[in-house]
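Taking it in order: structure first as structure tokens, then the write-up.
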Amino acid sequence: MILYPAIDLKDGNAVRLVHGDMDQTTVFNDDPAAQARAFVEAGCEWLHLVDLNGAFAGEPVNAAPVEAILAACPVPAQLGGGIRDMATIERWLDKGLARVILGTVAVENPDLVRKAAKAFPGKVAVGLDARNGRVATRGWAEETDVMVTDLAKSFEDAGIAAIIYTDILRDGAMKGPNVGATADLARAVDIPVIASGGVSSMEDLVALQDTGVIAGAISGRALYDGAIDLGAALKMLQGA
């Protein structure tokens, strides 16, 4: 199972939100590229980046810090937030991103997801962010009646690289991930599933890995707060 350190970008800073609320922001580093380098020096294999402003604006906003991270770090990075058309997808991949994450458009324009996945094999992931099993879009601000599992299964033949499943009610709250719901999703689809939201301890990582079906885990606040030691966590996961 791959551990993805998260760098959430708001107004050019590395931050964390609680439950996706832009008014509940903690700034952890005003130099996101330096933060990314620290994660790489600790041994991470991937970076998970989110343009929070972009998720609300519907277009990239924190392009400069993302580009600085890509220039500074040799490991692959995936990015979500405000990526809603083919031109933006192509532009980010051309700049060196290993993978784009499509969230809102997965609900509003699933044909774009399919087209992008076909055009860029292995480079398109779908971000499914949910409250009580239903997908939320546009920076988690809008609720839908779309069920996570139904939407995920609709992409099984599309060549999607991964599904990133976030339980919004767990995100940034340091209360542990929704292991059961994440594992159920992973068992229901043939696409690798990455857990996000609430991953806040070594025990959480063990619980996710012990399911045997979850491909990765994203953690942010716990790494900044020191609740998870990145180097120790990576060694544990690699040794398992």
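Condition check for Tyr165 on (1) in contact with a helix residue (DSSP H, G or I) (Cβ under 6 Å, 6 or more places away or on another chain); (2) closer than 23 Å to Gly122 by Cβ; (3) not in a strand (DSSP E or B): one failure, at (3). When the stretch 146-162 is filtered for residues that are small (Gly, Ala, Ser) and farther than 9 Å from Val126 by Cα, the ones remaining, listed by number, are Ser154, Ala158, Gly159.
Is at least one residue of the stretch 66-88 of a type outside the set (Lys, Arg), in contact with a strand residue (DSSP E or B) (Cβ under 7 Å, 6 or more places away or on another chain) and over 23 Å from Ala217 (Cα atoms)? Looking for residues that are of a type outside the set (Lys, Arg), in contact with a strand residue (DSSP E or B) (Cβ under 7 Å, 6 or more places away or on another chain) and over 23 Å from Ala217 (Cα atoms), one finds none in the stretch 66-88, hence no.
Listed by first and then second residue, the pairs with beta-carbon distance under 6 Å, at least 6 apart or on different chains, first residue in the stretch 185-201 and open to solvent by 20 Å² or more (accessible area, probe 1.4 Å), second among the charged types (D, E, K, R), are Asp190/Glu156.
In the stretch 137-151, which residue that is touching a residue at least 40 places away in the same chain (Cβ under 8 Å) and of a type in the set (A, V, I, L, M) is nearest to Ala57 (Cα to Cα)? Ranking the candidates gives Ala141 first. Taken over the stretch 135-162, the criterion of being part of a strand (DSSP E or B) and crowded, with 17+ Cβ neighbours inside 10 Å is satisfied by Val135, Ala136, Thr137, Val146, Ala162. Scanning the stretch 212-240 for residues being of a type in the set (Ser, Thr, Tyr) and open to solvent by less than 20 Å² (accessible area, probe 1.4 Å) gives a total of 1. Quick check: anything in the stretch 117-133 in a strand (DSSP E or B) and open to solvent by 60 Å² or more (accessible area, probe 1.4 Å)? Looking for residues that are in a strand (DSSP E or B) and open to solvent by 60 Å² or more (accessible area, probe 1.4 Å), one finds none in the stretch 117-133, hence no.
Figure legend. Inter-residue proximity from the stretch 33-55: first residues more than 22 Å from Gln238 (Cβ to Cβ) and of a type outside the set (D, E, K, R), second residues part of a helix (DSSP H, G or I) and open to solvent by 30 Å² or more (accessible area, probe 1.4 Å), beta-carbon distance below 6 Å, spacing 6+ or different chains. Indicated pairs: Ala33/Ala68; Ala33/Ala72.
The values are calculated or read from the model by the stated rules, or taken from the named source; none is laboratory data. Being a predicted model, the structure only gives us computed values, none of them experimental. Every residue, glycine as well, gets a Cβ built from its backbone with ideal geometry; the counts of neighbours run over all protein chains shown. Surface areas here come from the heavy atoms of the whole protein model, side chains and all, with no ligands, DNA or RNA. Shrake-Rupley method; radii C 1.70, N 1.55, O 1.52, S 1.80 Å.
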